[in-house]
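The values are calculated or read from the model by the stated rules, or taken from the named source; none is laboratory data. Because the structure is predicted, anything quoted here is derived from the model rather than measured. Please note: Cβ atoms are built from the backbone with ideal geometry, for glycine as well, and neighbour counts cover all protein chains shown.
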Amino acid sequence: MRMRAALLAVSMLASLGACSLLGDDALEAAQQAFEAEDYIVARDLALAALEDDAENVAALELLARAQLAMGQGGEVAAVLERIERAGGEAEDEALLAAEGQLQAGNPAAARELVGDQQTAEAWRLLALAAVQEDDEAAALEAFNNGRSAEGDKTKLYAAEASFHLSRGDLAAAAAAASLARALAPDRVETLYVSARVAEASGNHLQALSNYLRIIEKVPMDRPALLAAITASERAGQGAITRHLIAYGAQTRPLDPEFVYQQARVEAWDGRWAAVRERLQAHEPELVDHPAARVLYAEALLQLGQVETARAIVAPIVARYPGDGEAQRVKAAIEAAS
């Protein structure tokens, strides 16, 4: 089992490091965090270095790369402008800007920035631009061109696997994920797409293993943690599910999702008063969380507050008629009436 209490210590130390390091020390630590694929820490440490020197080109470039890795491409253009004003130029600046435009939902601008570049990374970005424009043929052509292009192809293969998964072609997705694993088996992108392929194949234990490896590398990776919780449940690993939820609650005490996850554990144990108390205390934060609202209604039902439970679950059923949990609780309310 890869999840241990040490993960909490790692994330706490990383946060402390981001606050206490300055200048060159912060930049060196940021580079190390980036190489370890802990992009949250890399971003925070790059920002710390920039507090000491706002025109540190290396720190700005690292910040831009960390933002892209975290899906915050909308902020990258401003960082690249700061690099230019500081008299510097980022390596592969056009491709960085192109990915930022893609993440901001501007595929045409991304294509223009890529221009006539034909590296594997350029073809990956062109493929993703085609995906955003629903041009499946162009996406496939770009992925195929990238396979014979120069440069690291790990991200290309991971993106191609995700593309095939989104279209239900499990065999093609598995083949692309295998190519990614052959190049970089421990990279986060590879682990993510391998986990998704395993899930689609019904191999939830393998998916769980991959998600845990991501959390081991990046303790504060929230999507991986939530995916691991789901995979552990589907794999019938209840003890691991509870451990993961406890870890999430420890590291993210203000996150509404983990308020809900803790309430789920209390519901499994039949502690309905505790469920009501927890969800009631966080009702404003959970108003747009249908699953939490349904669980709250079930807790009220279990505690004899049938009409209040009905009032809570009725609008959810009306808005999400296909929600199986909401329908189940509604039926239980009707049976108790």
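Tally the residues that are within 21 Å of residue 122 (Cα to Cα) and not in a helix (DSSP H, G or I), restricting the search to the stretch 152-200.
4
So which helices (runs of 4 or more DSSP H) are wholly in the stretch 18-111 and hold at least 1 residues that are in contact with a Cys (Cβ under 9 Å, 6 or more places away or on another chain)?
Working: elements: 23-35, 39-52, 57-69, 76-85, 93-103.
The qualifying helices (runs of 4 or more DSSP H) are 39-52.
Determine if the stretch 312-324 includes at least one residue that is among the charged types (D, E, K, R) and either buried (at least 18 other Cβ atoms within 10 Å of the Cβ) or touching a His at 6+ places or on another chain (Cβ under 8 Å) (or both). Break it down into steps so the answer makes sense when it comes.
Going residue by residue through the stretch 312-324, those that are among the charged types (D, E, K, R) are 319, 323.
Next, only the ones that are either buried (at least 18 other Cβ atoms within 10 Å of the Cβ) or touching a His at 6+ places or on another chain (Cβ under 8 Å) (or both) stay: none.
Looking for residues that are among the charged types (D, E, K, R) and either buried (at least 18 other Cβ atoms within 10 Å of the Cβ) or touching a His at 6+ places or on another chain (Cβ under 8 Å) (or both), one finds none in the stretch 312-324, hence no.
Which condition breaks for residue 41 when tested against (1) modelled with pLDDT under 95; (2) over 18 Å from the mean Cα position of the chain (by Cα)?
So residue 41 meets the others, but not (2).
Is it true that residue 235 is closer than 29 Å to residue 202 by Cα and either polar (S, T, N, Q) or in contact (Cβ under 8 Å) with a residue 12 or more places away in the chain (or both)?
Details: closer than 29 Å to residue 202 by Cα: yes; either polar (S, T, N, Q) or in contact (Cβ under 8 Å) with a residue 12 or more places away in the chain (or both): yes.
Answer is yes for this residue.
Given (1) out of contact with any Pro (no Cβ under 9 Å at 6 or more places or on another chain); (2) surrounded by 14 or more Cβ atoms within 10 Å (Cβ to Cβ); (3) in a helix (DSSP H, G or I), identify the lone condition not met by residue 118.
For residue 118, the failing item is (3).
Without any contact (Cβ under 8 Å) to a residue 40 or more places away in the chain, within 27 Å of residue 221 (Cα to Cα) and outside any helix (DSSP H, G or I) - does that describe any residue in the stretch 263-282?
Yes, the stretch 263-282 has at least one match.
Restricting the search to the stretch 166-194, which residues are over 23 Å from residue 132 (Cα atoms) and touching a Phe, Trp or Tyr at 6+ places or on another chain (Cβ under 8 Å)?
Once the filter is applied, which keeps residues that are over 23 Å from residue 132 (Cα atoms) and touching a Phe, Trp or Tyr at 6+ places or on another chain (Cβ under 8 Å), the stretch 166-194 yields 179, 183, 191.
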